[in-house]
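The values are calculated or read from the model by the stated rules, or taken from the named source; none is laboratory data. Quick caveat, the model's predicted, so the values are computed rather than measured. For neighbour counting, all protein chains shown are included, and Cβ atoms are generated from backbone atoms with ideal geometry for every residue, glycine included.
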Amino acid sequence: MAEVKKVLVVEDSDLVAGVLSKYLAEAGFQVVRAANGLDGILAAYREIPDAIIMDVEMPLLQGYQASRLMKARRGVRDIPIIMHTSLSEDRDQFWAKASGADAFITKDFDNMEPLVATVKELVKHRAVNIALIQEEAPKISKDSIVEMLGSVIDQQLFQATVLNLLSGAVACVESLEETAEFILSLIDKVCENHIAALLLKYNRECLAYIRPGLEIGKNTSEDFLRICMGDFFEEFDDVNRNSITVCYLNVKDRSDFEKIKLDERKIASYLNVTLMGHCGAAGTFHVGNCINNYFSDYLKQNITVFAKGSAAIIENALLMKNIREMEQGIRGVFSKFVPAEIIDDMVGRHATSELLAGEKRNVAVLFSDIRSFTEISEHNRPEDVVGFLNNYFEIMTSAIIRQGGTVDKYIGDAILAIFGAPKSYPNNAERAVNAAFDMLRSLSNVETGALVLPEGGLDMGIGIHEGDVIVGNIGSKERFDYTVIGDTVNLASRLEGLTKHYKSHIIVSESVKEKLKGKILFREIDRVRVKGKEIPTTIYKLENVRKDIFDKDTVENFNKAMSMFKLQNWETAIEYFGKVREKIPDDYISEMYIQRCCDYMKTPPPEGWDGTLDLQFK
């Protein structure tokens, strides 16, 4: 025969108590009644019910007060309490929950069936320690209840004060270590402790923060930690036992912490509480004392409340740590493709329309290309070519970054770099030229290993132009790229292509030459009309790489030769170009002009000729 469950109805209305008793009796419950909150507490100890239905507004002691007092006492705290009241506002449900009540049901005769169902559900799962309640019962009287109520009010006021202190941890929640130190320092407000610890679950790792008192050394701290870890791993069996990070707090200024002490005090009392956050268990909280049986029921309740308040703060600090590490990881990955300044800018924008916004800027654009790369790729294994390219790009990118440039993209073996976006400098053109010199010097550092190279070895060409571009995140809502577009970019690409034609390493536009006049030695190469442009462009070769042989006299002779060439004085031009070749026998530019002069002497240029050469290749 099934055991009959007993329900205590604490209700001052005879009518309501009668209706409740009738419904409960018909549902198979034994019903006892108390007419006010004070008698309800006495009846709970005398009758030891399986559940209590508690009215709120009653004489002598209200329902919330009676519930709060019983939930603070061992034994009777396990009896489920249902708040049954005509008050149905949100605040009433809040106070019911705050008092420890297990359920809240509005007092309405139409709610009898849900009420009975709730009672059945609660008594099914709750086990009441009858022996413990019987042991406590002789101590309970109306006078002792009044005294206990005062004690509970004092305790709850104390707990509210501690929770208010915990709110100060919000200021340091972005640092998990600072949060842990703040919380562990506050436990002194709750109880006397000689050591305290927080063991937190972070992914599949254990982060242990230990705060020993001044009289506790490292040996005792390590013994305490071993005990804590036993309880932690019992709670979190999915954490890697070999992945534990230990941090001792409040010991930096203690010279005696690691010294062995013969008279060192030992931990005699220990308490641990699981930190239950909104998303589940976040870790465990541990406290130790050198006094035997130190942690009374009163202290346990206070520490449990403290741990519960700490759990939400710890959970937020763990979340902040996770977000910060994820952000750093994402930034680390994307910084391989996008400059850090661009990532910061994109994070600061919200709408997609903002992300796709562009702006007009004056920048220096650098294009570089490996000579005869097609030949290199055809005569070597793909994996060797990829390894070589990765090493080449790393070295060249470093040279660009050293001058404040940004690699816009890699195009096969080519590099497009910009100087002036996202960060601009007063000397963007000079930075681009210095980067070009650095890239040429760094070419010898590229590992080629067993790579089969062209006859002339590893070589490169660089074109630089400065002008206005449109810069920004360009693309679609699904995919976009931070890049530059415009005629300036196209011309820089054409200049790089001309380096092959003029057998030169670096060719720049007139706008770059003007910005660096007096700082860099330039030589005018030609006046050309490149593919895609109607207006001719004067192009220049950088001679700083050969400044030891391209001296003042040689520069003067070359400039005179160019003047004579433009005046169509072919013989005099050949004479001066010849003087340059006497100084520099392998000077391709002078040789090229000598050949042109000879050609024009045979077939003069058309009327209106201005020296412009049409070069319609890329």
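For ASN559, are the conditions met, namely being within 60 Å of the chain's Cα centre (by Cα) and at pLDDT 85 or above? Explain how you work it out, then say what you get.
Details: within 60 Å of the chain's Cα centre (by Cα): yes; at pLDDT 85 or above: yes.
For ASN559, the condition - within 60 Å of the chain's Cα centre (by Cα) and at pLDDT 85 or above - is met.
What strands (runs of 3 or more DSSP E) completely inside region 1-90 contain at least 3 residues that are more than 25 Å from PRO138 (Cβ to Cβ)?
81-85
Among the residues of region 118-136, those that are loosely packed, with under 13 Cβ neighbours inside 10 Å and either touching a residue at least 40 places away in the same chain (Cβ under 8 Å) or out of contact with any Gly (no Cβ under 9 Å at 6 or more places or on another chain) (or both) comprise LYS124, HIS125, ALA127, ILE130, GLU135.
The combined condition, being in contact with a helix residue (DSSP H, G or I) (Cβ under 7 Å, 6 or more places away or on another chain), surrounded by fewer than 21 Cβ atoms within 10 Å (Cβ to Cβ) and not assigned by TED's automatic domain parsing to the domain that holds LYS300, is fulfilled by GLY100. The condition of being outside the structural domain of ASN427 (by TED's automatic domain parsing) and touching a residue at least 12 places away in the same chain (Cβ under 8 Å) does not hold for PHE522. Taking the criterion of being touching a helix residue (DSSP H, G or I) at 6+ places or on another chain (Cβ under 7 Å) and under 25 Å from SER511 (Cα atoms), would at least one residue in region 376-383 satisfy it? Checked against the condition, which is being touching a helix residue (DSSP H, G or I) at 6+ places or on another chain (Cβ under 7 Å) and under 25 Å from SER511 (Cα atoms), region 376-383 yields no hits at all. Name the residues in region 32-46 that are surrounded by 18 or more Cβ atoms within 10 Å (Cβ to Cβ) and β-branched (Val, Ile, Thr), would you? Within region 32-46, ILE41 is the sole residue that qualifies.
LYS513 satisfies every condition listed in (1) out of contact with any strand residue (DSSP E or B) (no Cβ under 8 Å at 6 or more places or on another chain); (2) part of a helix (DSSP H, G or I); (3) assigned by TED's automatic domain parsing to the domain that holds PHE437 except (1). Selection over region 124-139 of residues that are within 20 Å of ILE81 (Cβ to Cβ) and either modelled with pLDDT of 85 or more or not β-branched (Val, Ile, Thr) (or both) gives a count of 11. Within region 241-253, the set of residues being surrounded by 15 or more Cβ atoms within 10 Å (Cβ to Cβ) and part of a loop (DSSP other than H, G, I, E, B) comprises LEU249, ASN250, VAL251.
With respect to (1) touching a helix residue (DSSP H, G or I) at 6+ places or on another chain (Cβ under 7 Å); (2) farther than 25 Å from GLU496 by Cβ; (3) at pLDDT below 90, the lone exception for LYS579 is condition (3). Within region 224-240, the residues that satisfy the criterion of being surrounded by fewer than 14 Cβ atoms within 10 Å (Cβ to Cβ) and either more than 21 Å from LYS321 (Cα to Cα) or touching a His at 6+ places or on another chain (Cβ under 6 Å) (or both) are ARG226, GLY230, GLU234, ASP237.
The residues on offer are ILE227, ILE267, and the sole one that is touching a residue at least 24 places away in the same chain (Cβ under 8 Å), assigned by TED's automatic domain parsing to the domain that holds ALA197, of a type in the set (Val, Ile, Thr) and not in a loop (DSSP other than H, G, I, E, B) is ILE227.
Exactly one residue out of VAL76, VAL56 is touching a residue at least 12 places away in the same chain (Cβ under 8 Å) and within 13 Å of ALA101 (Cβ to Cβ), and it is VAL56.
State which residue is surrounded by the most Cβ atoms within 10 Å (Cβ to Cβ) when the search covers only region 581-592 and only residues that are in contact with an Asp or Glu (Cβ under 9 Å, 6 or more places away or on another chain) and closer than 19 Å to GLN568 by Cβ.
Filtering region 581-592 for residues in contact with an Asp or Glu (Cβ under 9 Å, 6 or more places away or on another chain) gives 581, 583, 589, 592.
The next check asks that each one be closer than 19 Å to GLN568 by Cβ; those that pass are 589, 592.
Details: ILE589: 22, MET592: 16.
Looking at the filtered set, the residue picked out is ILE589.
Mind listing whichever residues of region 408-443 are outside any strand (DSSP E or B), more than 14 Å from THR488 (Cβ to Cβ), of a type in the set (Gly, Ala, Ser) and modelled with pLDDT of 90 or more? Passing the criteria: ALA435, ALA436, SER442. Looking for whichever is under 60 Å from the mean Cα position of the chain (by Cα) and loosely packed, with under 12 Cβ neighbours inside 10 Å here; the options are LYS517, LYS533, LYS513. Which one fits? Of the residues listed, the single one that is under 60 Å from the mean Cα position of the chain (by Cα) and loosely packed, with under 12 Cβ neighbours inside 10 Å is LYS517.
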